[in-house]
Structure formats: structure tokens, C-alpha cells
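Down below is the structure, laid out as C-alpha cells.
The values are calculated or read from the model by the stated rules, or taken from the named source; none is laboratory data. This structure is a prediction, so every number in the text was calculated from the model and none was measured. Cβ coordinates were reconstructed from backbone atoms using ideal geometry, including for glycine residues, and neighbour counts include every protein chain displayed. Each accessible area value is taken on the protein alone, full model and side chains, heavy atoms only, with ligands, DNA and RNA left out. Shrake-Rupley method; radii C 1.70, N 1.55, O 1.52, S 1.80 Å.
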Amino acid sequence: MTHKTSWGKGVLRALGLVFGDIGTSPIYTLTVVVALTVPTEAHIFGVLSLIFWTLILLVTVEYAWLAMSLGTRGEGGTIVLKELLVSLVKSGRQAAFFSFLGYIGISLLIGDGVITPAISILSAVEGLLLIPGFETTSTKVLMAAAGVIAIALFSVQRGGTERVAGAFGPLMLLWFGVLTVSGLVSIGQVPGVAHAMNPWHAVTFLVENGLAGFFILSEVILCATGGEALFADMAT
């Protein structure tokens, strides 16, 4: 019985620690991408298809399946991956190259840790504009609110990641439940949106939009932010 309780708490903490970013990224990604292209039916299907297959290939296949299988006694992350690669090569030059890649990976992870919280919090605060009576909220007020929330969160995090994970776990469980219900209702209302799972829409979108499609693809990758935490936060 105790084992089941510990397992349940572990899953709940993982929701709060790892999956929060993944659960919010596709939402603001769609907002950003639609603002960069003409919202025609073909473009919407193309963007949705790009997002869907980015989540499948990058998050599910690369991170959840491939990267999560690369670890040492339950420990993972960029440094552990670098050590695994270095142990497989014999040349000192190759070892130095993999070490250099490890430094770059750590730098990118730090950069992501600086940028992602600000984007996620600001995107959430911008949801106030959708509430009746708050449509005229100024940008300065939104930025100030996002700043206060960020400071409050990082102040609490000083007490340890476990405390943050325990607090946000139930919230993320509720969040994913709302996403599931609202998503199923929306699909029921517009069942044709399921055609976006066809990768042909993504390919057609990129071919027809040329260079502009390539730049939009650079914004679509935002939907995968947080996926790296699956590997980087192993055993935390």
C-alpha cells in the first residue's frame, strides 16, 4: 500500500515538475504562428499538422523514447549523456568533441531555463484579455503581473524543487483534465480537424510557403519546449 502511495506521489510530482511546460507550450505556439500567417483553412491545417508531428517525432520519439533510454542507474541529463558518449570513443579528439557538445547542450539548457519561464508566465497572464471586463488591460500591467508571479515562484523554489512539484502537481492534473475534456468537445464540434494528423498538410504548407514556411517552422518548434526536461530532469 505504501509503495502505491509513493508511486502516485511520484507521478503527481512529475506532472508539476516536468510536464507543466509541455502542457502549455502548444497553446501559445499556435497563437504565435497564426499571427505570422494568413489564417486560411489550408494554413491552419498545415500549422496544426506541423505541431502534431513535431510533438510526435521530437517529444515522443526523440525524448520520451530514445533519450529516456540513455541513462546510468536512473540518472540522466546532458552531462551523463556526454559521459556515455565519451566512454564509447577511443580518440582523444573525439572525446573532446563530445565534451564540447556537452558544454553547448548545458548552455542551451540554461538559456531555455531563463527564457521559458518568462514566456510561459507572460502567455498565461495574457489570457486575462479573454475575460470579459479585462480586454483593455494594458501591456505594462500584464508585464508587471508576470514579473510578480515569476518572483513569487522563484522565491518558493528556493526551498527545493520538491516543494514546487508537490504544489503544481495537482494543478497540472486539473489542467490536463480540462485540456482533455475541452479538446474532445472541440473535436466533436469540428471533427474535420482530425485531418491535421495527416503529415501531407505539413509538407504542403512548407512547400507552398517556401522561405516563409521555414521561418514559421522555427516558431512551431516552440511547441516542444519542455520536452527536453524529460531527459534533463531524470532522477530529480
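A compact table of results
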read-out: Rounded to the nearest 10 Å², the accessible area of Glu41 at probe 1.4 Å; value: 140
read-out: Of the GluC sites (Glu not before Pro) in the range 113-178, those whose Cβ has at most 16 other Cβ within 10 Å and which sit in DSSP loop; value: Glu135
read-out: Computed label-point distance, nm, for sites Glu41 and Glu135 using a 7 Å Cα→Cβ extension; value: 2.8
read-out: Förster-model FRET efficiency, 22 Å R0, Ile79 and Ile221, C-beta, rounded to 0.05; value: 0.40
read-out: Charge dipole (debye, nearest 20) of the chain; +1 at Cβ of Lys and Arg, -1 at Cβ of Asp and Glu; value: 740
read-out: Cα centre as origin, Lys/Arg/Asp/Glu Cβ charges: the range 115-229 dipole, Debye; value: 320
read-out: Whether the range 80-210 is rounded, prolate or oblate, judged on the alpha carbon gyration tensor where a/c under 1.5 counts as rounded; value: oblate
read-out: FRET efficiency estimate (nearest 0.05) - Cβ-Cβ, Thr60 to Val89, R0 25 angstrom; value: 0.30
read-out: Check: the range 50-115 dipole with +1 on Lys, Arg Cβ and -1 on Asp, Glu Cβ, in debye; value: 260
read-out: Accessible area of the chain belonging to carbon and sulfur atoms, whole % at 1.4 Å probe; value: 73
read-out: Cleavage-rule hits (trypsin sites (Lys or Arg not before Pro)) in the range 104-182: DSSP loop, at most 10 neighbouring Cβ within 10 angstrom; value: Arg158
read-out: For the range 99-145: accessible area per residue (Å², 1.4 Å); value: 69
read-out: Where chymotrypsin sites (Phe, Trp or Tyr not before Pro) fall in DSSP loop in the range 113-201, at most 14 other Cβ within 10 Å; value: Phe134
